[in-house]
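A short write-up of the structure that comes next.
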Amino acid sequence: MVVAERDLQRRTFYREQHEVLRHDTKKQQGKSRPNHKARYIARLVCIALLTFLPLYRFSVITESQYRLDTIQSEIKNVDSQNERLEVEIANLKAVARIEDIAKNKLNMKEPENQQIIYFNVN
């Protein structure tokens with residue numbers, strides 16, 4: 001009988017210990033699941049950021065390249081316009097053109113020798 005009681009006590013003790021361990025592991029598992037979810041979400045966010053960061057950088061580089069091309073084409077246009085205007089200025093300053101306008105449009109004539117007066121500037 002003493003042996004049976006001792007055996008019964010051992011069994012109940014082991015059952016209680018087993019229940020306590022099961023209860024503790026259930027608590028730990030319940031706490032770890034949200035932690036796993038948080039880690040999973042954090043990993044997904046990191047992967048998304050690592051995916052979109054190069055795409056964003058590529059779009060910024062593409063936009064900068066587009067602006068650079070636009071500015072370079074504007075520079076070419078301004079340079080060609082500047083060159084055209086310089087040629088036009090040179091044509092307008094030409095002595096032959098000025099003389100032609102003076103003679104034909106303004107009816108000017110070259111002075112004769114008696115019309116020329118010389119001054120001493122000293």
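Where a number appears in this text, it was derived from the coordinates with a stated rule and is not lab data. As the structure is a prediction and not an experimental result, all values here were calculated from the model. Cβ coordinates were reconstructed from backbone atoms using ideal geometry, including for glycine residues, and neighbour counts include every protein chain displayed.
Along the stretch 88-101 the Karplus relation, 6.51 cos²θ - 1.76 cosθ + 1.60 evaluated at θ = phi - 60°, assigns HN-Hα couplings of 5, 5, 4, 5, 5, 8, 4, 5, 4, 5, 4, 5, 5, 5 Hz to successive residues, with x for each Gly and Pro. Taken about its Cα centre, the chain carries a charge dipole of roughly 1800 debye when the Cβ of each Lys and Arg holds +1 and the Cβ of each Asp and Glu holds -1. Each helix, a run of at least 4 DSSP H residues, gives -39500 (n - 2.57); summed and divided by the residues of the chain, these come to -31000 deg cm²/dmol at 222 nm.
The Cα-based radius of gyration and maximum Cα-Cα distance (Dmax) for the chain are 50.0, 164 Å.
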